[in-house]
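What follows is one structure encoded as structure tokens, with my remarks underneath.
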Amino acid sequence: MEELSKSIADLRVDYSLKKFDETDLLKNPIEQFEMWLDEAIKANVNEPNAMTLATVKPDGSPSARVVLLKGISDSGLVFFTNYESNKGQEILQNPKVCLVFCWLELQRQVRIEGEAVKISDADSDQYFMTRPTGSQIGAHASPQSKPVVSREELERMFAEFEQLFSKEPIMRPKYWGGFRVVPQSIEFWQGRQNRLHDRFLFRKVNNSWTYSRLAP
């Protein structure tokens with residue numbers, strides 16, 4: 001254990017891939033995020049739309065997991081989940097959330113804080129119909145975040161719904177759908193040499209975005 005701890009402590013990366021200053025910065029942070037996301041996709045970053053979603057438990061303690069971004073517009077960032085899951089229930093009780101994108105291949109990170117709101121049933125229906133059949137069935141079969149006896153039990157439930165939906169259309173379960181995270185702040189981080197990283201924080205004030213450079 002001590003040797004492993006030393007090995008971890010000795011890990012070093014001196015970031016030198018890119019710079020990021022005021023001349024590179026778009027004044028609309030959503031457009032800046034879209035540009036960085038597009039660059040991550042073109043750079044073949046693994047799962048570029050993967051983001052850590054942090055929520056707040058009823059007792060005030062934090063909870064985090066990785067989910068996938070499935071939509072973006074000026075009004076916010078959209079992901080989908082089971083509303084009865086732990087994260088779904090935590091959001092419904094306290095909509096304040098944080099998202100983190102980490103694109104190691106580009107030495108970049110984006111942090112987004114805001115509030116999550118349910119999207120419309122029609123928009124959730126529209127996205128659900130684009131999902132692979134197995135994912136649609138899985139949304140019905142999995143009691144997300146609830147204890148299950150075994151893997152076999154989970155597969156049995158999937159097989160039952162698979163049989164059911166061989167005879168009728170697969171409709172979106174009412175407890176499954178999208179959340180839109182409406183940003184209140186967006187921070188862009190670009191790794192630089194000597195730990196003098198470039199950081200810019202956008203905040204929404206009176207429906208307008210202001211920004212400042214942060215010390216690393």
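Bear in mind that the values in this text are calculations on the coordinates, not laboratory data. Values in this document were obtained by computation on a predicted structure and should not be read as measured data. Neighbour counts run over all protein chains shown; Cβ positions are idealised from the backbone, glycine included.
The P(r) of the stretch 130-171 has a tail past 17 Å containing 28 percent of all C-alpha pairs. Structural descriptor for the stretch 104-208: relative contact order 42 percent, calculated from alpha carbon pairs under 8 angstrom and at least 6 residues apart.
For the ranges 73-80, 130-137, what's the packing order if you count other beta-carbon atoms within 10 Å of each residue, average per peptide, and put the highest first? Please report the intermediate quantities before stating the final value.
Values: 73-80: 17.0, 130-137: 13.5.
Put in order of decreasing packing, that is 73-80, 130-137.
Solvent-free Debye calculation, one equal scatterer per alpha-carbon of the stretch 1-87: log10 I(q)/I(0) at 0.17, 0.24 Å⁻¹ equals -1.02, -1.19.
Give me the net charge for the shell around Val66: Cβ to Cβ below 14 angstrom, other residues only, Lys and Arg +1, Asp and Glu -1.
On the way: positive: Arg65, Lys70, Lys87; negative: Glu47.
Every neighbour counted, the sum reads +2.
How many Å³ per residue does the convex hull of the Cα positions in the chain occupy? Mind showing how you got there, number by number?
Numbers: hull volume 38.6 nm³, N = 216.
In the chain, the Cα hull volume divided by residue count equals 179 Å³.
Of His140, His197, the sequence from fewest to most neighbouring Cβ atoms within 10 angstrom is His197, His140.
Ranked highest first by average number of other Cβ atoms within 10 Å, how do 119-125, 10-16 line up? Please list the in-between numbers first.
Values: 119-125: 13.9, 10-16: 8.9.
Ranked from most to least packed, the peptides come out as 119-125, 10-16.
Kirkwood radius for the stretch 111-208, taken over all pairs of different Cα atoms as the inverse mean of 1/r, rounds to 17.2 Å. Considering only the other residues whose Cβ falls under 14 Å of the Cβ of Val97, what net charge follows from Lys and Arg at +1 and Asp and Glu at -1? Taking every Cβ under 14 Å from that of Val97, the sum is +4. The residues packed around Arg131, meaning those with a beta-carbon under 12 Å from its beta-carbon, carry a net charge of +1 if Lys and Arg are +1 and Asp and Glu are -1.
By the rule of a C-alpha distance below 17 Å, with chain neighbours fewer than 8 residues away ignored, the lysines paired with Lys57 are Lys87, Lys96, Lys146.
For a distance above 13 Å, tell me the whole-number percent of Cα pairs in the stretch 165-204 that qualify.
Working: 566 of 780 pairs.
Looking at the stretch 165-204, the distances longer than 13 Å represent 73 percent of pairs.
Gain in length, Asp38 to Met129, computed as 0.36 nm per residue apart minus the alpha-carbon separation, to one decimal in nm?
On the way: separation 91, 0.36 × 91 = 32.76 nm, distance 2.50 nm.
Taking Asp38 through Met129 to full extension adds about 30.3 nm, to one decimal.
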